[in-house]
1. For the range A:104-144, enumerate the residues that are farther than 14 Å from A:Lys83 by Cβ and in a strand (DSSP E or B).
2. Would it be correct to say that A:Gln409 is open to solvent by 10 Å² or more (accessible area, probe 1.4 Å), closer than 30 Å to A:Leu88 by Cα, away from every other protein chain (no Cβ under 11 Å) and at pLDDT below 90?
3. Can you pull out the residues in the range A:280-319 that are open to solvent by less than 40 Å² (accessible area, probe 1.4 Å), under 31 Å from the mean Cα position of the chain (by Cα) and either farther than 19 Å from A:Ser384 by Cα or without any contact (Cβ under 8 Å) to a residue 24 or more places away in the chain (or both)?
4. State which residue is nearest to A:Leu4 (Cα to Cα) when the search covers only the range A:153-201 and only residues that are polar (S, T, N, Q) and crowded, with 21+ Cβ neighbours inside 10 Å.
5. I need the full set of residues from the range B:93-114 which are away from chain A (no Cβ under 13 Å), touching a residue at least 40 places away in the same chain (Cβ under 8 Å) and of a type outside the set (S, T, N, Q), in order please.
6. Here is a list of conditions, (1) open to solvent by 20 Å² or more (accessible area, probe 1.4 Å); (2) under 19 Å from the mean Cα position of the chain (by Cα), and A:Gly76 meets all of them except one; can you say which number that is?
7. Which residue, of B:Glu293, B:Glu286, B:Glu305, is surrounded by fewer than 22 Cβ atoms within 10 Å (Cβ to Cβ) and under 27 Å from B:Ala322 (Cβ atoms)?
8. Only one of A:Ala259, A:Ala185 is more than 23 Å from A:Pro47 (Cα to Cα) and of a type outside the set (Val, Ile, Thr); which?
Amino acid sequence: MKILIIGLDCAAPEILLQDQRLTNIRRLMEAGCYGRLESVIPPITVPAWMCMSTSQDPGSLGVYGFRNRSDHSYAGLKIANAKSIQELAMWDQVAREGGRSVLIGVPPSYPPRKVNGICVGCFLTPDPVADEYTHPASVKAEIANLVGEYEVDVKGFRTDRKEWLRGEIFRMSKKLFQVVRHYLANADWQYFHFVDIGLDRVHHGFWSHHDPQHVLHDPNSPFRDVIRDYYLHLDEEIGRVLELLTDDTVVLVVSDHGAQRLDGGFCVNEWLVREGLLVLNQQPKTVTAFDKLDVNWAKTKVWSEGGYYARVFFNVKGREPEGVIDQADYESFRDEIKGRLEALPDDQGKPMGTLVFKPNEIYRNLRNVPPDLIAHFGALYWRSIGGVGYGRLHIQENDTGPDDCNHAQYGAFILAASNLPLQGEVSGARLLDVGPTLLELGGYDVPSSMQGRSLVAGATRQPPSTTSADGEAIIKERLAGLGYIS
Amino acid sequence: MARIRRVVVVGFDGLDPRIFERLLANGSLPAFARVRGAGGYSRVATTLPAQTPVAWSSFATGTNPGGHGIYDFIRRDPQSYLADFSLNRFEQKNMFLPPRAVNLRRGEAVWDVLSKAGIPSAVIRCPCTFPPDDVKGHMLAGMGVPDLRGGLGTPGFYTSDPGARRGESEHLIPIQLAGDTVKTRLIGPRHPKNRADLEQAMSLRIDRAGRRVLIRVDGTDGELAAELGGWTGWIKVKFKAGLLQSMSGMVRFLLVGLDPHLELYVSPVNFDPSAALLYPISAPAEYAKELAEEVGTFYTTGMVEDHGGLNNGRFGEGAYLAQCADVMAERERMLQHELSRLRDGFIFCLFDTPDRIQHMFWRFLERDHPARLAAPVEGFDDVIEQHYRTCDAILGRVLEALDDDTLVITLSDHGFTSFRRGVHLNGWLLKEGLLALKSGVAPGEEAGEYLRSVDWARTKAYAVGIGSVYLNLRGREGEGIVTPDEAPALSQRIEDGLTGLKDPITGEVAIRGVTARSAAYSGPFAAESPDLVVRFSEGYRASWTTAVGGVPADLFEDNVKRWSGDHIVDPALVPGILLMNRSFRSEGARLVDLAPTILAALGAPRGSAMEGEELLS
C-alpha cells in the first residue's frame, strides 16, 4: 500500500476533529479512525516531525528543540538542520524495500535530504530563490514553473500587521498544495509526506482573536475567523488531494503538537537572578536578551533560554568551563530546582502549574547535550522569556514579537486505509506510534530502532471486495418507485 | 410588436391534442384560447421514443437523443448486461471521497447557451437536470432526483393488519397497538458502508374521538397530527449515518384507516430543500433553501406523486388527487415567484402532474379497460378533463401578470393514450429462438428479472427498458455472439418479425413498426442507443416485466394496474401540444425547434449542435 502523510503543523484536535464544516476531514474520520495524538517533550516542530518519522524520542535523536547546545561551553545555542537528524526514518525503510518517496517541507529538511525520490526543503531554508533547497536539484526549476517564487515560511510572522500576515500565510499554503498536487499526480512514489507550516503560523498570529479565553481577546476583532477559515481552506485543499488518490493508499492527517492560548510570558532568567542562581556582572537597565548579558559564570549555577518552553542548564564542575555545582550534589540540586520551578506562582499569586521534566527520565537515550531540566511553564499556558530587565516576572509582551499561542501537548490524527481494522475514536495514541503503524499498514517491515508501537499490531484486515451478488438488489432499489416499470 | 425581453415556457407534461382540442373547442380552456388567439396553436412532434426524459432532453438541447444520450428511462451496461436508471448515476472515485451524482444527459442545453451569452435563466423541474447545471440564474432539479434511499420513491405503509402483504417498491411495517399507542420507526436511507437501514424511532398515539393519530419522531420537536384521510404537513427528520454524518430528509403522512386496523402511509423520504445536501438539487446550491423560504417547503423527489401508494391500493383515488393538487399548487408558487423577479431572460417551469394523472386515471375513460374490470371503481370519470381545466387556470394566472415583451410558450412533451395490453418482447425473442435461457430454467417467474437467467452464448438479441431492443453484439456486449457482419440482417429480421405483430385476443396490430438506430439517431452519443426501438400501437406498450428484463413464455398480457394510460407508443400517435402568444410556423413543429426559437427570441446565438428551426414567423 502507498503511504500519504498530510502534515498540518500545530493542528489542534479541538478544531480539526470537531469543526463540522470540515467535510473532507470528517469523511476521513468516518472512513477510518482518529483521535488526539500525544506529542513529545518538548512539543515543538523540531524535533517532533522527525520524532514521528523515526519513531524515536528527542533524547535518542539528540535534538531537544529548534536550538541546542552543541557543547558544554557557554557559547549559546545552535540552530538544528537536516544534518542534525539522520536516523532511519519511514522513508528510509521504504527505500530499503525498493520504494520511492516524496518529502515536501518536512522539518528539518534543509539542506534537502538525499532520499530515494524527491525532497523539497522546509521552512528552515534561508532563501528558496538563492538556495539549492531541493533534491534532486532539478526539482527547483519545476517548482518555479508551477508557482513562481516558492515560499517556505512567512518571515516576520510575529507581527501586528495582521492583514498582511493573513495574506502571506494563505498564499504560501496555496503554493505548497499546488506543488503537492503536481507531484502526487506526476511523480513515482510509494511514500508521500508533506507539512503545511502555515497552520502553525496562523495559530501564533491569530490565536488571541480566535480564543475567547485569551487575555487579549477582542470579540469584535475583524480577524476572529481567520483561524477557522484557515482550517476550511486546508479542508478544501485536502479534498483536492484526495481526488488524486487510489484506494491502495494509507492516508494519515496528522499534527506534531496542538495549540493553546498564552496567558503570558514568565521571565525565567529574571527569576533566576532574583533567586541568586544566575549572577550578572552588570544589571541591565533595559530589557536585554540573554546572549547580550554580562554573566558572571564563576558564580552562576543555573541559566535558561526563552522559547515556548524553557531549557534549564546547570553550571557543573568538570563539565562546564567555570562549573560551580559539584557532581556529587547534582541530583539533589536538580530535585531542588525542579521543586522550585514547579512551585512558581502566576501573576495572581496562584500556582502556575508548571511541569518540569528530567531528560534522563523521559527519554530512552541521551545524545549530544541535553538540557538539565525542561520546564513547561503553566503547562505551556506561559512561555519562557529569556531576557532580563523587565523588572517583573510575568509579562504580556513576547520578547521575539507578538505571538498569541503556545504549543499544546496533544496534536491530532486521522487515519484511513482499506486494510485498517480500527474504527472511530482511538485514545492513547502517541506521536512515536505513527511510524510503526504506517509501515505495518503499508506492508513494510518495522525497523527495531523505532520505539513506538503499531496501533494495528498485527490486525490488518483484507480490504473488502465488492460482490456482484448484490448488484441486482442495488439496481432494484435504484429503480424503486419508477412508475413506468412497476 | 414589442421586442422580446423575456421568454416564459410553461410545460404541462403529457397534455394530449385530442383531449385538448376538444376542450379548447367547447370553451373549457379560456387561457389556452387566449394564447392561441394572440399567436397560434399546433401539434408538436415528439421524440422516438415518446418518453418524458427523452423528450424534455431533446427540448432542452435541441438535438435528437444522439445529441444528449438519453434513450429510455432504463439503460443497460453492455459489458455486464445490468440494467440501471438512465438519467444519472453515482460514482465514487476512491474510498476517501464521497459518492457523486453524475447527470447522464449531456449536450448543450438552451440555458447553457443563454448563460454564455450573459442571459439569465430560471429553470424549474426540467427532467434530467440532476445534478443541476451551473447556470446564470437559478435551477431546481426535476425528474431524476432520488429520494434519500437513492431510488425514485420508496414509501412506507404501517399496518396493524397481520394479513397485509408487501406491495411493490414500498416498506411494509407491521405495527402492534399497546392500548392506543404504537412504538415503531421511520425508515430512512441505507448506511453507506454496511447497507443497513438507518432508522428513527417514531411513536403513534391514536386519538379516537378526534379520528386522528398523533405522530412523534425522535430527534424532532412537536407532534404531527394526521387526520383520517388527510395528508399531513412535512416533518423534517435526520438520520445518523454513522459517528459523524447525518442525512436530512422530510416526510409527510396520510392516515388511511383507524378501524378495524390502524393504517398509516408515509411518503418516500424526500431531500429537505432547506438542509445542506450531500447531493445538491439546485444551482446555486442554496437556491432550494431560498425557494423553500419564499414559497414554503416542497417535494424534491423527481417522481413526486405517490403512484406507488395508489397502485398498491394503500390509499384511494381521492387521496391521490389531493396530493396532486398540493403538488400543482407548490409548483405554481415556484413559477409565480420567478415570474415576479426575473424580468429579462428565460423562465422554464414544468408541471409534471398532468402526466401522472393521466397515467392513473385513463381507466376512467374506458369502461372496458382491463384495470377497470380488475378493480371496479366509480366516481372519477371527469378527473382528466378537470385537470386540463386546472392547467388552464394556472396558465391564466401566469398570463395575468405578463407584459407585451414576454413570449409565452406552453407545450407538452408528448400526448397520451391507453395502456391496456403489455407486449413481452423477450417472450417474442424467446419464441423466435433469438434469446435462450440457461438450461433447465423455465421462462416466467423462474427466469426472473434483469436478464438474470439469459444464456448469452445462445442469445442474439434481448430487450430491457420500455421498448428498447439490443443485439448481443460481439465486441460491445460482455458475452456478445453477433458479429458486425451479421448485425444488419439480424436487425432487419427483428424489424420485420415484430412489425405488424397481432394480438390474438383483440385481433389488433400491437406493433406498428420498429426503427433501427441508424435511421433514428445521430450525434456524439448515438453509439449508446438501443439497436432497435419498438413503435407500439395505441393501447399497447412494452410489458411491465419487459422493462426490467423479464423473460415470460407468452407474448401479451392485460395491464390491470391502476397505471392504465401511457404514451410510450409510436411517436406519430402521441404528439404534444404547442401554443405561443406570437404567431409561428405551425406546420411540422418538432420539440427540437423550441431551443432555437427561444435563443433567437432573446437575441442569443444558436447552439452549435442544435438541429431544429426557429418557429416564430
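The values are calculated or read from the model by the stated rules, or taken from the named source; none is laboratory data. All of these numbers come straight from a predicted model, not from anything done at the bench. Here Cβ is always computed from backbone atoms with ideal geometry, including for glycine, and neighbour counts include all displayed protein chains. Only protein heavy atoms, including side chains, enter the accessible area calculation; ligands, DNA and RNA are left aside. Shrake-Rupley method; radii C 1.70, N 1.55, O 1.52, S 1.80 Å.
1. Residues satisfying the conditions are A:Ile104, A:Gly117, A:Ile118, A:Val120, A:Thr134.
2. No, not satisfied.
3. Listed by number, the list holds a single entry, A:Asn315.
4. Looking at residues that are polar (S, T, N, Q) and crowded, with 21+ Cβ neighbours inside 10 Å, I get A:Gln190.
5. B:Arg105, B:Arg106, B:Gly107, B:Glu108, B:Ala109, B:Val110, B:Trp111, B:Asp112, B:Val113, B:Leu114
6. Status for A:Gly76: all satisfied but (2).
7. Just one listed residue meets the conditions, B:Glu293.
8. A:Ala185
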